[in-house]
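Colleague: One structure, pasted below without further comment.
The values are calculated or read from the model by the stated rules, or taken from the named source; none is laboratory data. Values in this document were obtained by computation on a predicted structure and should not be read as measured data. Neighbour counts run over all protein chains shown; Cβ positions are idealised from the backbone, glycine included. When the accessible area is computed, the model is the full protein with side chains, heavy atoms only, and any ligands, DNA or RNA have been set aside. Shrake-Rupley method; radii C 1.70, N 1.55, O 1.52, S 1.80 Å.
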Amino acid sequence: MSMLTPPGMGGKYRITGDKYPRMRRPRRRGRLLLAAVAAVVALGLIGWGTIQLIDVFGGSDDAKKETAGAKHDCAPSASPSTATAAAAALPKPAQITVNVYNATPRGGLAKETADELKKRGFAIGKVGNAPEEYDKKVTGNGILLGAPGATRGAFSVLGTQLKGAAQKTDARTTPDVDLILGSTFQTLDPAQQAATALAALGKPTPQAATKC
């Protein structure tokens, strides 16, 4: 037995001569390869997550274009019922009392105009020469003069009978409206033309279809 053989050990474990068993380290090549692959996958996931966060908080150009397009296509528009209700709120000619005043040097113009307005369905109030503050001082076809509330209905309806008439309000509280004939006034617009313009006030404005 060799001196290097521990006591009690013999047989195949006995060391003889100058040859000793080689003690090899366990191979770690497989573990290193697996760790490298895991590191690459982890870096890829981190990079992908970073890109997603940038898109979410910064917004890509395509996403912004799609969002802008959606807002444009789905812009709210007035519904037909709303437009119809607005048209129904306009007064009828018979509900509007018109005072006709002549601010021109031509005589009889106020009466002729009042008679024509009456034929077209308007109620007629006072007829005569214009008050001093307007007499011979009205340029253009004329002035529609009334309470502030007349701008929301009566002026629009009466204005279909005379294009180019200016609109002005005063402190009156009554619903009547003054038509003061100006220096360039010749006659009311043709009856058929005025009727077409009046009918157009009662039609809702066509709305483009929305796409969402």
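Colleague: Figure the gain on full extension for LEU43 and LYS118 (residue separation times 0.36 nm, minus the Cα-Cα span) and round it to one decimal in nm.
Modeller: On the way: separation 75, 0.36 × 75 = 27.00 nm, distance 8.81 nm.
Answer, rounded to one decimal: 18.2 nm.
Colleague: Right, another one. Which entries in the list LYS137/LYS163; LYS126/LYS203; LYS118/LYS203 go over 30 Å, if you measure between the two C-alpha atoms of each?
Modeller: LYS126/LYS203
Colleague: In sequence order, what are the phi-derived ³J(HN,Hα) couplings for segment 138-146 according to the Karplus relation 6.51 cos²θ - 1.76 cosθ + 1.60 with θ = phi - 60°, rounded to whole Hz, with x for glycine and proline?
Modeller: 9, 8, x, 6, x, 10, 9, 10, x
Colleague: If you don't mind, another one. Just want the answer: with Cβ charges of +1 for Lys and Arg and -1 for Asp and Glu, which residue in VAL177, ALA150, GLN167 is farthest toward the dipole's positive end in segment 135-186?
Modeller: Final value for the positive-end residue is GLN167.
Colleague: Here is a further query. Could you tell me what percent of the accessible area of segment 81-200 is made up of carbon and sulfur, with a 1.4 Å probe and every protein chain present?
Modeller: 55 percent
Colleague: A further question follows. In whole angstrom, and with the biggest value first, how far do the Cα coordinates of segment 106-164 range along each principal axis?
Modeller: Result, largest extent first: 30, 25, 20 Å.
Colleague: Separation between the ALA195 and LYS168 pseudo-spin-labels, each 7 Å from Cα along Cα→Cβ, expressed in nm?
Modeller: For the pair ALA195/LYS168, the computed spacing is 3.3 nm.
Colleague: For SER183, project a label point 7 Å along Cα to C-beta. Then give me every residue of segment 106-133 with its amide nitrogen under 14 Å of that point.
Modeller: 106
Colleague: Check GLN167: other-chain or 5+ apart residues with amide H under 5 Å from its amide H, H built from backbone geometry?
Modeller: Long-range HN contacts for GLN167: LEU144.
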